[in-house]
Structures are given as C-alpha cells and as structure tokens.
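In what follows, a single structure is set out as structure tokens and then discussed.
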Amino acid sequence: MTGDPASGERSANSGRQREFPPQIVAVEGLDGTGKSTVADAIVALTDGVNITKVAAEQMGSSSRDTVCMSDSAEARFHYWSYMNYLVGDLAKDTVASGRVAVIDSYFFRTIVTHYVLGVRTRMGPFFEKAVRPDRAVLLTVPEPIRASRLRARKVTGILPEWHRRIDDRWRQVLALYRIFRLMEVDSTVSPYGVALTTLHSTDAERFRFDDSSTGCLDVPVDLVADMRCQ
C-alpha cells in the first residue's frame, strides 16, 4: 500500500518552511553573474515564490518591451522604480502567507545602472516607501567568465544601446553596488551552494537600505571607480 503523494509533498514543504522561515531575499549583481539561476535555486530550496516573475506576468510584456527599447533613461528608471514597488508589495504579501519571497534584482540595480546612464534624482523618497528585504546578496564572478557568458547571450538576441553602455561601465556599476554593503558571493560555485550561503549567512542581513546609502552618489560618473564611501 502506497502513501498519499500529496501528503508527502506537504510534509516536505513544511520541513523547508521550518528551515527557511518566511522572508524576502533579493539577489543582485552585474549581468552574467547568475542572478536568475540563483533566484530559482532559492525558490526550489525553500518552496518559495519568484516575485519578479509574478510581477512580470501581472504587468505583461508589451509595456516592458516598449520601455526597454526607449532611448529615455529617465523613462526606464521610473518604470523600473514602479516595478520595484509592485515587487515589494507582492513580496510582503507572500511572506504574510508563510512563504519565502525571492526578488531577482531590486532597487539596488535600478539605482546603480541608471546612475551610470546619467539619471539623477533624490533617493530619500524611494527608500521611505520601499519594502526592505530581509536578505540581499551581490553575486560576483571573475570578469573573463562573466564576459564569456554575455557573449553567448548576445548570440541569441540583440541588446539595446543603453544596455551596452552599462556593460562598458561594469566597473562603475560594481563600485556603486558596493556602496550598499551587500554581502558578496562568488557565483562560480553551484547555484544551490550560493542559495544556501545566502539563506544561512547573517552577513546577508547587514546592508544599507536608506537615503544615507546614496548620499555619496552625487559625484561625476568618471570618478565612481575611484571613490570610497565610508
């Protein structure tokens, strides 16, 4: 006589929820560092929800594709800021329902990538209204590996010009990311290894998420690579 498969699945899910209590986890990094892969690994380990995918489905692809092809960095910045608020609200609701909410790129990415494209705005109001993640990590890989991944990706699709400008300024983007003091994780190891490190390390809880984080962003982009923000 076999047991009830549904009962076994419920038991497994309950076990994962005991090990990984409901929380919001943000996965950040340059393009090609494995953010989506790691986000999916965290979802699988915790029986969580990829909130970024849920939000994208709710918004549909039409408006996103239109904005992504726009030459206006300001338009893209405000679109993705809106999406971040939506993602934050969905994440909060997911945690309230008892599950882990995973965000693949959040306000951190929106701020740093659009800064290098010339967008300047007061960040205080953004942080005042935004939902703070419980954990956030910055994925890193050696640059030759990341560049190889990006070359393979470009074979399958044409990226807009603004995307190329961000790639060209990857050192500046990384320097800006580090202002937030996100825990850095080498993502050349297995995605599940990265996911477990993210979920177990208390360092992933110690990051800056307020207006003081971006107080030192008011400098020329050319100086970003050399600046030190204490």
Check your understanding: Which one of the conditions (1) in a loop (DSSP other than H, G, I, E, B); (2) of a type in the set (Asp, Glu); (3) more than 18 Å from Arg165 (Cβ to Cβ) does Asp31 fail to meet, given that it meets all the rest?
Key -> (3)
Practice item. Would you check if there is a residue in the range 56-69 being on the phi < 0 side of the Ramachandran plot, surrounded by fewer than 17 Cβ atoms within 10 Å (Cβ to Cβ), in contact (Cβ under 8 Å) with a residue 60 or more places away in the chain and of a type in the set (A, V, I, L, M)? Key: yes
Check your understanding: Pro133 fails exactly one of the following numbered conditions: (1) surrounded by fewer than 19 Cβ atoms within 10 Å (Cβ to Cβ); (2) not in a helix (DSSP H, G or I). What is the number of that condition?
Key -> (1)
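Among the residues of the range 70-96, which ones are charged (D, E, K, R), in a helix (DSSP H, G or I) and over 24 Å from Phe20 (Cα atoms)? Let's see the steps before the verdict.
Within the range 70-96, the first condition is being charged (D, E, K, R), and the residues that meet it are 71, 74, 76, 89, 92-93.
Filter again for in a helix (DSSP H, G or I), leaving 74, 76, 89, 92-93.
Of everything in the range 70-96, those that are charged (D, E, K, R), in a helix (DSSP H, G or I) and over 24 Å from Phe20 (Cα atoms) turn out to be Glu74, Arg76.
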Revision key, fill the gap. Taking the range 125-184 and the residues there that are in contact with a helix residue (DSSP H, G or I) (Cβ under 7 Å, 6 or more places away or on another chain) and acidic (Asp, Glu), the one that is farthest from Ala91 (Cα to Cα) would be Asp167
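Output the residue which, of all residues in the range 41-64 that are modelled with pLDDT under 85 and either in a loop (DSSP other than H, G, I, E, B) or not small (Gly, Ala, Ser) (or both), is nearest to Glu19 (Cα to Cα). Even if it seems obvious, please write down each step before you answer.
Going residue by residue through the range 41-64, those that are modelled with pLDDT under 85 are 59-64.
Pick out the ones that are also either in a loop (DSSP other than H, G, I, E, B) or not small (Gly, Ala, Ser) (or both) and you get 59-60, 64.
Values: Met59: 32, Gly60: 34, Arg64: 36 Å.
Filtering the range 41-64 for residues that are modelled with pLDDT under 85 and either in a loop (DSSP other than H, G, I, E, B) or not small (Gly, Ala, Ser) (or both), the one nearest to Glu19 (Cα to Cα) comes out as Met59.
In the range 110-125, how many residues are of a type in the set (A, V, I, L, M) and over 12 Å from Ser81 (Cβ atoms)? Full working, then the answer.
Taking the range 110-125 as the starting set, the residues that turn out to be of a type in the set (A, V, I, L, M) are 111-112, 116-117, 119, 123.
With over 12 Å from Ser81 (Cβ atoms) added as a condition, the list becomes 112, 116-117.
Within the range 110-125, residues that are of a type in the set (A, V, I, L, M) and over 12 Å from Ser81 (Cβ atoms) number 3.
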Practice item. Scan the range 192-230 for residues that are surrounded by 18 or more Cβ atoms within 10 Å (Cβ to Cβ) and at pLDDT 95 or above and report the count. Key: 5
Exercise for review: Consider only pairs whose beta carbons are under 6 Å apart and that are at least six residues apart or on different chains; among these, list those whose first residue lies in the range 91-114 and is closer than 20 Å to Thr140 by Cα and whose second residue is outside any helix (DSSP H, G or I) and among the β-branched types (Val, Ile, Thr).
Suggested key: Val102/Val25; Asp104/Val27
**Study point:** Filtered residues of the range 104-130 (kept if at pLDDT 85 or above, surrounded by 15 or more Cβ atoms within 10 Å (Cβ to Cβ) and in a helix (DSSP H, G or I))
**Key:** Phe107, Phe108, Arg109, Thr110, Ile111, Val112, Thr113, His114, Tyr115
Revision key, fill the gap. Taking the range 70-90 and keeping residues within 20 Å of Ala41 (Cβ to Cβ) and free of Cβ contacts under 8 Å to residues at least 12 places away in the same chain leaves none
Study note, to complete from the structure: Checked against (1) surrounded by 19 or more Cβ atoms within 10 Å (Cβ to Cβ); (2) under 24 Å from Ala195 (Cβ atoms); (3) in contact with a Leu (Cβ under 9 Å, 6 or more places away or on another chain), Thr94 satisfies every condition except (3)
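The values are calculated or read from the model by the stated rules, or taken from the named source; none is laboratory data. All of these numbers come straight from a predicted model, not from anything done at the bench. Glycine gets a Cβ as well: all are built from the backbone with ideal geometry, and neighbour counts include every protein chain shown.
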